[in-house]
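Any read-out appearing in this document is the output of simple, stated calculations on the displayed coordinates, not a laboratory observation. In this text, all values refer to a predicted model and were calculated from it rather than measured experimentally. For neighbour counting, all protein chains shown are included, and Cβ atoms are generated from backbone atoms with ideal geometry for every residue, glycine included.
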Amino acid sequence: MLRLYAPSPPYSPDNLGATFSTISDRLAVLKQAGVPGNEVSIDRALSVLDSLVRVRSCVVVVELGDAVAIPFFAALLGAML
């Protein structure tokens, strides 16, 4: 995520790919936000989505290629629907 601000990125594409894969997994859980008996709160879900917007994560994901971008956006859209 620091690639947008750092002249020489502190993370390799593989590290960023693993990071966004983890984020994608967590986004899938957000779909359950607000469901009675579930531990994920609406506030937590909104906080995660807000963080992704603030650091412009989508720009970095697109640069990492389809193997990372497609699952990320599928999880993101799935969390919002």
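Can I get the semi-axes of the stretch 12-80's equivalent ellipsoid? Compute them from the C-alpha gyration tensor as square roots of 5 times the eigenvalues, in angstrom, largest first. Write down the numbers at each step before the final one.
Values: eigenvalues 106, 27, 18 Å².
Semi-axes (√(5λ), whole Å): 23, 12, 10.
If I stretch the segment between residue 63 and residue 77 completely, what's the gain in nm (0.36 nm per residue apart, minus their alpha carbon distance), one decimal?
Numbers: separation 14, 0.36 × 14 = 5.04 nm, distance 1.87 nm.
Computed gain between residue 63 and residue 77 is 3.2 nm.
Using the Cα centre as the reference, give the magnitude of the dipole from point charges on the C-beta atoms of the stretch 12-80 (Lys, Arg: +1; Asp, Glu: -1; all else neutral), rounded to the nearest 20 debye. Could the numbers behind the result be given before it?
Details: 5 positive and 7 negative charges, 33 e Å.
Dipole of the stretch 12-80, to the nearest 20 debye: 160 debye.
Suppose the chain between residue 29 and residue 70 were pulled fully straight at 0.36 nm per residue; how much longer would it get relative to their current alpha carbon spacing? Intermediate values should be presented prior to the final figure.
On the way: separation 41, 0.36 × 41 = 14.76 nm, distance 1.70 nm.
Once the chain is fully extended between residue 29 and residue 70, it gains 13.1 nm.
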